[in-house]
Amino acid sequence: MARVGLNAERLTRAGADLADEVGFDKVTVSALARHFGVKDASLYSHVRNSQDLKTRIALLALEELADRVAAALAGRAGKDALAAFANAYRDYAREHPGRYAAAQLELDYATALNSAAVRHSQMTRAILRGYDLAEPDETDAVRLLGSTFHGYVALERAGSFQHTPRTTEQTWSRILDALDALLRNWPKA
């Protein structure tokens, strides 16, 4: 018997919760149907397939992360803004590992252009205005920050830093110091 009230938004949010519990790679229409105690077929009027569900979860995660970063950035500039952005990003990944993994899903160009991914890029570029970088250096700096934040979060989540005497917090703080110094002293081409 199908439960009343299933819709695409409810399924997306439940899928995002499931991703945080079991991992984004394990989220399927079948797993979500089991969660609601219904047959797979009853979900197909709300989502086309597992890829559609995963894309919806990715878009939700990007929106949540953009909202969190925007709130953290409010009224900040320079290194303070850089640290607020980075910490909001890292905290989201820690609190919502499945959603964070979803946010890394490669979206088709049209979907990406109409998603919160654009807000992420705009906020990163807003941080960089405080460092007075011109193009193409600004684009290179956006990519540097994204790869540094994602790389550190991925390694930390995988447990790569467990067997060292230095805490991950100490290293994270030094990375932010180093990024700030680099951005203030960006090498000339």
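Each reported figure results from applying straightforward, stated rules to the coordinates on display, with no laboratory input. Owing to the predicted nature of the structure, the values given are computational and were not obtained by experimental measurement. Here the Cβ positions follow ideal geometry from the backbone for every residue, glycine too, while neighbour counts run over all protein chains shown.
Answer yes or no as to whether H35 is assigned to a loop (DSSP other than H, G, I, E, B) and out of contact with any Cys (no Cβ under 9 Å at 6 or more places or on another chain).
no
I'm checking my understanding of the structure. Among residues of the stretch 41-73 that are of a type in the set (G, A, S) and buried (at least 18 other Cβ atoms within 10 Å of the Cβ), which one is nearest to A117 (Cα to Cα)?
So, considering only residues that are of a type in the set (G, A, S) and buried (at least 18 other Cβ atoms within 10 Å of the Cβ), the one nearest to A117 (Cα to Cα) is A66.
Which pairs do you get when a residue that is farther than 17 Å from A83 by Cα, found in the stretch 127-146, comes within reach of a residue that is among the basic types (K, R) and surrounded by 14 or more Cβ atoms within 10 Å (Cβ to Cβ), reach meaning Cβ atoms under 9 angstrom, with the pair 6+ apart or on two chains?
Pairs found: E138/R125; T139/R125.
(1) among the hydrophobic types (A, V, I, L, M, F, W, C); (2) part of a helix (DSSP H, G or I); (3) free of Cβ contacts under 8 Å to residues at least 24 places away in the same chain: which one isn't true of F161, the others all being true?
(2)
Does the stretch 115-148 hold any residues that are of a type in the set (A, V, I, L, M, F, W, C) and part of a helix (DSSP H, G or I), and which are they?
Selection gives A117, V118, M123, A126, I127, L128, A141, V142, L144, L145.
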